[in-house]
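The values are calculated or read from the model by the stated rules, or taken from the named source; none is laboratory data. All of these numbers come straight from a predicted model, not from anything done at the bench. In this analysis, Cβ positions are derived from the backbone assuming ideal geometry, glycine residues included, and neighbour counts consider all displayed protein chains.
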Amino acid sequence: MRVAIVGSGVSGISALWLLNEYSEHEVNIYETNDYPGGHTNTVQFTREGKESCMVDTGFIVLNPPTYPNFLRFLRHLQIPLNETDMTFSISRDHGAMEWAGGPRGLAGVFCQLTNLLNPRLYRMIFDIVRFNLFATDLLKEEGKQDGRELSIGEYLDREGYGIGFRDDYLLPMTAAIWSTPADTAALDFPASTLIRFFYNHHLLQLTGKPKWLTVKGGSKRYVDAVLKKLPPENLHLNTGIVSVATLDSGVELVEASGARHVYDHVILATHSDTALDMLRAGGGVSPQEEKALGPWQWSQNEAVLHWDERLMPVRRAAWSAWNYLTLSSDKQSGVDTVSLTYGMNTLQSLPEKAHGPVLVTLNPPFPIEESKIVGRYLYDHPMMTQRSVAAQSLLPSIQNQRRISYVGAWTKYGFHEDGFASAMRLVTSAPFDAKPPFPFQSAQRAIQEVGPATLLGRKVMTFAERARHELVPAWIWVSWVIVALLVWAEQVLARVGLHGVRREVVRIRGCWVDEKKRR
């Protein structure tokens, strides 16, 4: 068959690799942009007086347990990989509250010394442990509930998790991982989908976490390796497809320029909304196609490559591979915006001495100094909602209908493994029947039985949570005393002119007042 692939992101490139090298089909690939790869976008970082280097601005990291097929693909192509650290930090309101996780342990958590007096932080740590121990119980409820699935916001309310856990840990992490608007969208995220993702990625455990990897020299190396085997005339860059229609003679693609091409089969490796627009422009969409492709929403995010250190935590001790920057409306609760700065020196082993700080910030919360910007890039990400997750189950009903097929990372969680897996599942089945060099492997982890250590931990946390509720009256009195002492300390510090220390005391007092109100 003559096959056309529309879109050259990970799904399109993966389908191209399999069809071009492991089948008898003739394949062409179309891309709107002037470069192939989609989120696989490696660019040159250049700064006067420093060595230049290649930096990934979209897809950056992977790990063996949750990227099994994509990793075997890279190894088959002999793409070199580096181990990297996946540390993370939270910086709220320009450094008013900061903490860092990872191998630094308590030194990272208490990188801001006043965290030692912050009750919200201790409650957050308590809730992280509780969430890690009990969250998978919700996965065991799947199929036993009638009606709509719980959102993560509803789940947190039902289980009584604290505001610190929500706003200083789970909400920023969810918003940053999926590039989802933080205020409501992250709280509306389907709870079981999020917990399943956390479990698959070993985010619900404190030990035994997998090693993370990056592509040495930039992830575009795998794109270049695939395209090297494709006849140059079969790669069509700067070629937007605006219409897809099924004719008696095949499937017709119409370019933005008006040029028309007919193929035996077309694979739409685009976002769901883009695919739907092309089908509509082609003169008709079936009700089932509308149901499968229509419910999706997409958020557009700006990634900025730069070296402005203001987009990192205020305290160097908190600098990490992933740095979540949150802003809240009242400085105490509610996350209005979430930005994420990738510390590329750490992630891609780029020595700061040679290159200076190399940073990629997603959705900068304030303007970056223009003289420190290397480039700006726009990426769209799927928003995981109740409707979009339900629509995923409808995709098989429209695959290969009208000689049109669909692949994309959006068919699962939205990540590189999902894009590769969707392409591999499609083109190894009829009517393509490609013969890949390795078998497909599921990235889904089976829920493990609770072991003795975990069982003991659950019992301890259940007892601690019960005790916490019973001690609320006493805790309120303790909070009143501490607030009074902090008010006195503020007055003393104001008189002696230690205004910087006083601001920290005011912040801590606010945390205690907030804690008292929530009891």
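A few comments on the model shown:
- Some residue of segment 217-229 being of a type in the set (Ser, Thr, Tyr), in a strand (DSSP E or B) and under 18 Å from the mean Cα position of the chain (by Cα): no
- Residues being assigned to a helix (DSSP H, G or I) and at pLDDT 90 or above are represented in segment 138-151 by at least one member.
- Cβ-Cβ contacts under 7 Å between residues 6 or more apart (or on different chains), taken from a first residue in segment 89-100 that is within 18 Å of PRO364 (Cα to Cα) and surrounded by fewer than 24 Cβ atoms within 10 Å (Cβ to Cβ) to a second residue that is modelled with pLDDT under 90 and of a type in the set (Val, Ile, Thr), are listed as ARG92/THR326.
- Tabulated pairs, segment 29-43, first at positive phi, second aliphatic (A, V, I, L, M), C-beta under 6 angstrom, 6+ apart or interchain: GLY37/VAL223
- For PHE165, the stated conditions hold: it is at pLDDT 90 or above, within 26 Å of ASN301 (Cβ to Cβ), touching a helix residue (DSSP H, G or I) at 6+ places or on another chain (Cβ under 7 Å) and among the aromatic types (Phe, Trp, Tyr).
- Scanning segment 410-423 turns up at least one residue that is acidic (Asp, Glu), in contact with a strand residue (DSSP E or B) (Cβ under 8 Å, 6 or more places away or on another chain) and touching a residue at least 24 places away in the same chain (Cβ under 8 Å).
- Neighbours by Cβ (under 9 Å, 6+ apart or cross-chain): first from segment 284-295, buried (at least 16 other Cβ atoms within 10 Å of the Cβ); second among the aromatic types (Phe, Trp, Tyr): ALA292/TYR406; LEU293/TYR406
- Residues that are part of a strand (DSSP E or B), of a type in the set (A, V, I, L, M) and in contact with a Gly (Cβ under 8 Å, 6 or more places away or on another chain), drawn from segment 1-57: ILE5, VAL6, ILE29, VAL43, MET54, VAL55
- Candidates THR207, THR193, THR246: the one that is buried (at least 17 other Cβ atoms within 10 Å of the Cβ), over 20 Å from GLY414 (Cα atoms) and of a type in the set (S, T, N, Q) is THR246.
- Qualifying strands (runs of 3 or more DSSP E) (wholly inside segment 358-413; at least 2 residues being at pLDDT 95 or above and closer than 24 Å to THR32 by Cβ): 373-383, 404-406
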